[in-house]
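Structure first, commentary second.
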Amino acid sequence: MSVIYILCLRQCKRYIRARARIIGSLGQPILFLVAMGFGFGRTYEKAGGGNYIQFLAPGIIAMGILFTAVFSGIEIIWDRQFGFLKETLVAPVSRLQIVLGRALGGALVALIQGVIVFGVCVVAGFRVEHLAYLPVALVFMSLISLLFTALGTAIGSVLEDMQAFPLIMNFLVMPLFFFSGAIFPVQGLPKALAIAIHLNPLSYGVDGLRGALGHGFIFGLGVDLVVLGTMTAILLGIGSYLFSRIQL
């Protein structure tokens, strides 16, 4: 347990020290929130959808978590190139503990980022309709963080080229975001698009966040929790296996 705690704490210290990274990672969520929230707000309202900021904000929060969580995997490649990973792997502890420590640290960082984005959304005009459901929203934010940190860990474990990681991640992350129902309602969509949204694990995180923050569940609270929990366990298992096969 001490190894897990140390690695988790190390990830958090990296995040706190990298102030430019904190500011930079806020740029994209704020851009989407302002450009789309206020740009399409009047059109969305005229179409009978209500306040677009209220609808969009949970998706933007999920976006901030998603990008931070997935890109935590690049630190594995960084540590491999500069020798820290070798020192970690030769330690007399199981690699499962190492993976869990890194994953929990990355997930905690992503969760902090999500809380910051949530604060930005509140400043932009978003309001939580049921404060009693805030702990449920925090559970969904934590699951999204852990799920996509595990994904980043899995991919970072099989890549050695630091420049290839952002390219692959953008190839995966942008479709995950756009096909999650984060920026448009999922009802009444063409069949192919509806299938893509239902197969996307982030869709259940966005739906869970949106429901907990007051806009209503589409898939259902139980379904959202089961899908996210199952996918998180699967990806943690895959990430642990791939990490265990890293050669010194």
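The values are calculated or read from the model by the stated rules, or taken from the named source; none is laboratory data. Quick caveat: nothing in here was measured; it's all calculated off a predicted structure. Methodologically, a virtual Cβ is constructed for each residue, glycine included, from the backbone with ideal geometry; neighbour enumeration extends over all protein chains shown.
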* Specify the residue that is farthest from Val226 (Cα to Cα); the eligible residues are those in region 129-157 that are at pLDDT 90 or above and of a type in the set (Phe, Trp, Tyr). => Phe148
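Quick check on this structure: which one of Gly222, Gly208 is touching a helix residue (DSSP H, G or I) at 6+ places or on another chain (Cβ under 9 Å) and within 25 Å of Phe118 (Cα to Cα)?
Gly208
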* Asked: Residues of region 72-84 being out of contact with any Phe, Trp or Tyr (no Cβ under 8 Å at 6 or more places or on another chain) and buried (at least 17 other Cβ atoms within 10 Å of the Cβ), which ones?
  -> Ser72, Glu75, Asp79, Arg80
* Here are some conditions: (1) part of a helix (DSSP H, G or I); (2) exposed (fewer than 15 other Cβ atoms within 10 Å of the Cβ); (3) modelled with pLDDT of 70 or more; (4) not aliphatic (A, V, I, L, M). Pro29 meets all but one. Which one does it not meet? -> (2)
* To do: Kindly indicate whether any position in region 39-58 is loosely packed, with under 12 Cβ neighbours inside 10 Å, of a type in the set (Ser, Thr, Tyr) and either modelled with pLDDT of 85 or more or in a helix (DSSP H, G or I) (or both).
  => yes
* Asked: Counting only residues that are of a type in the set (D, E, K, R) and either closer than 14 Å to Thr149 by Cβ or in a helix (DSSP H, G or I) (or both), how many does region 222-248 have?
  -> 1
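Condition check ((1) hydroxyl-bearing (Ser, Thr, Tyr); (2) touching a strand residue (DSSP E or B) at 6+ places or on another chain (Cβ under 7 Å); (3) modelled with pLDDT of 85 or more) across all residues:
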residue: Ile168; (1), (2), (3): no, no, no
residue: Phe178; (1), (2), (3): no, no, yes
residue: Ile183; (1), (2), (3): no, no, yes
residue: Tyr204; (1), (2), (3): yes, no, yes
residue: Arg210; (1), (2), (3): no, no, yes
residue: Leu213; (1), (2), (3): no, no, yes
residue: Val227; (1), (2), (3): no, no, yes
